[in-house]
Amino acid sequence: MPQFKHFPLPDVGEGLVEAEILTWHVKPGDTVTVNQIIVEIETAKAAVELPCPFAGVVTELLAEPGKTVDVGTPIIVIDTDPNGEAAPANGSVEPERVPNLVGYGVKAVTAKRRARVGAPAAVPASAAVSAAVAPAAIVPTPPVVTAPVIAPEPQPVAGGYVPLAKPPVRKLAKDLGIDLAALAGSGPGGVITREDVEQAATPVAAAAPAVASRGERRVPIKGVRKATAQAMVDSAFTAPHVTEFLTIDVTPMMELRAKLKDSPEFRGVKLTPLVFAAKAVCLAVRRTPDVNATWDAAANEIVYKDYVHLGIAAATPRGLVVPKVRDADQLSLRGLAEALQQLTDTAREGKTTPADMLGGTITITNVGVFGVDTGTPIINPGESAILAFGAIRDMPWVVDGQVVARKVCQLALSFDHRVVDGQQGSQFLADVGALLADPAVAITY
């Protein structure tokens, strides 16, 4: 007999509470295997592809593309016994070991299956989903769900009720702003029909205010934009920001860059000015470790890091993300160039994983790539400093008493004044500037 299992939306990061369904890679009737990619979602941190925890046949998709779903809410139903093999004598589904799914984890939630119409009766049951946490690979144990029962009403699941409705009706309800969970279906077995949705929408439409036909456009605040906004507000009103500025002549750096690009060691490597800025930050941190520390209010401690997980702010079609170069201080200039290229390419493709955006220690935001001279960047939560790297321009500069054209850049450093004193922040900024103005200074570090 068929055995239907629900796959609840997992927590693919640390403490995420919701995600938006972007694209389904399967449809009802498709055969799926364990670890096959079935859906792409957008969390508050990144777009993530979810693998399937079960093998079987897709019975129903419970969330339309564009819908925001709470963690723990079922998003797909899979028949794990499509060939109709005999069920256990007691009519229940025996627990089974689910293969490891690498790359995401789930929060501990309890999920009950949704009632399905016309299915053989069985004993209802539910199972808890346990979370297994690891730095890079998290192994979830999806819920074991009993065989379906005949029920005229939807059964409660984690996050609320999963109403009975066909996909076109779900889409209509979404377009009209109707909550299906609030409707009583008039169809057979309590199925919600198109007429039910249209009837519920009538008073809503009548009471809705008129919307201007031109002059403005409204976009829901969700996903990466929502998370970024909250993080910036939390940082701005928690950490006392101080921002200092420095203008430097980077002509020697640009000359070294041109020389290295023609060398065999750097052939085929994208050696951008940002790579030099990243190297300068890693070197300068050694002399001013305070900028690489963090304020732990709960423990009433300042935590100093003996490593540099360098965040690089990247603009993507889905908003601002800050992936990290792990142990950036251990990389050579070429290694940093390769890491930054891979990091930015992945971010712009929207494939940065949540794990890649956690645990940063200090950040660079490259505003110069947009032609901007400088700014007052906001510190990323959990860090104590962020460097804005401005555009490099030809400008008049005094050299040996003569005004000449030089390559000039502006730097801005924002730091948490609870952790970093003015002297320490100034020293760090001056060191970064000195390394960019004359890369030969690095030999003295």
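The values are calculated or read from the model by the stated rules, or taken from the named source; none is laboratory data. Because the structure is predicted, anything quoted here is derived from the model rather than measured. Cβ: placed from backbone, ideal geometry, glycine included. Neighbour counts: every protein chain shown. Calculation scope for accessible area: heavy atoms of the full protein, side chains included, ligands and nucleic acids excluded. Shrake-Rupley method; radii C 1.70, N 1.55, O 1.52, S 1.80 Å.
I'd like the FRET efficiency for Asp175 and Gln341, computed as 1/(1 + (r/R0)^6) with the beta carbon distance as r and R0 of 51 Å, rounded to 0.05. Each step should come with its number before you reach the end.
Working: r = 42 Å, r/R0 = 0.81.
Computed FRET efficiency for Asp175 and Gln341: 0.75.
Here the extension length gained between His25 and Thr376 equals 122.2 nm, from 0.36 nm per residue of separation less the Cα-Cα distance.
Ranked by the mean number of other Cβ atoms within 10 Å of their residues, highest first, the peptides 73-79, 182-188 come out as 73-79, 182-188. Report, in listed order, any pair from Lys259/Lys305; Lys222/Lys351; Lys279/Lys324; Lys5/Lys27; Lys270/Lys324 with a Cα-Cα distance greater than 26 Å. In this structure, Lys259/Lys305 exceed 26 Å between Cα atoms.
Order Val58, Val398 by their accessible area, 1.4 angstrom probe, all chains in place, largest first. Provide the component values of the computation, followed by the final result.
Numbers: Val58 5, Val398 100 Å².
Accessible-area ranking of Val58, Val398, largest first: Val398, Val58.
Its relative contact order, with pairs defined as Cα atoms under 8 Å and 6+ residues apart, puts segment 338-433 at 21 percent.
Subtract the Cα-Cα distance of Arg217 and Ala405 from 0.36 nm times their separation in residues, and report this length gain in nm to one decimal. Write out the running numbers ahead of the final one.
Numbers: separation 188, 0.36 × 188 = 67.68 nm, distance 4.54 nm.
Between Arg217 and Ala405, full extension yields 63.1 nm more.
Solvent exposure of segment 342-445 amounts to 44 Å² per residue of accessible area, where only protein heavy atoms count and the probe is 1.4 Å. Residues in segment 188-194 carry Karplus couplings, in order, of x, x, x, 5, 7, 9, 4 Hz; the curve used is 6.51 cos²θ - 1.76 cosθ + 1.60 with θ = phi - 60°, and Gly or Pro positions show x. Amide H contacts under 5 Å for Leu22: Glu40, Ile41, Glu42, Gly66, restricted to partners 5 or more places along the chain or on a different chain, H placed in the peptide plane at 1.01 Å from N. Peptides 282-294, 368-380 ordered by packing proxy, namely the average of other Cβ atoms within 10 Å per residue, highest first: 282-294, 368-380.
Accessible surface comparison of Arg418, Arg170, Arg267, Arg257, probe 1.4 Å, protein chains only, largest first: the order is Arg267, Arg418, Arg257, Arg170. Here the Karplus curve 6.51 cos²θ - 1.76 cosθ + 1.60, taken at θ = phi - 60°, turns the phi angles of segment 227-235 into couplings of 5, 4, 4, 5, 5, 5, 5, 4, 5 Hz, with x standing for Gly and Pro. Placing R0 at 30 angstrom, the Cβ-Cβ distance between Arg326 and Ala55 gives a FRET efficiency of 0.30 after rounding to 0.05. Here each label is just a point 7 Å from Cα along the line to Cβ, and for Thr238 and Ser263 those points are 4.2 nm apart. Applying the Karplus relation 6.51 cos²θ - 1.76 cosθ + 1.60 with θ = phi - 60° to segment 431-437 yields 3J(HN,Hα) values of 5, 4, x, 5, 5, 7, 6 Hz, where x marks Gly and Pro. Put His25, His6, His309 in order of accessible area, highest first, and with a 1.4 Å probe you get His25, His309, His6.
Taking Cβ atoms as reference points and 15 Å as the exclusive limit, the residues near Val291 contribute a net charge of -4, counting Lys and Arg as +1 and Asp and Glu as -1. Taking every DSSP beta bridge that has both ends in segment 290-415, the antiparallel portion is near 75%.
Pop the C-beta distance of Gln230 and Asn83 into the FRET formula with R0 = 45 Å and round what comes out to the nearest 0.05. With R0 = 45 Å, the Cβ-Cβ based efficiency is 0.40.
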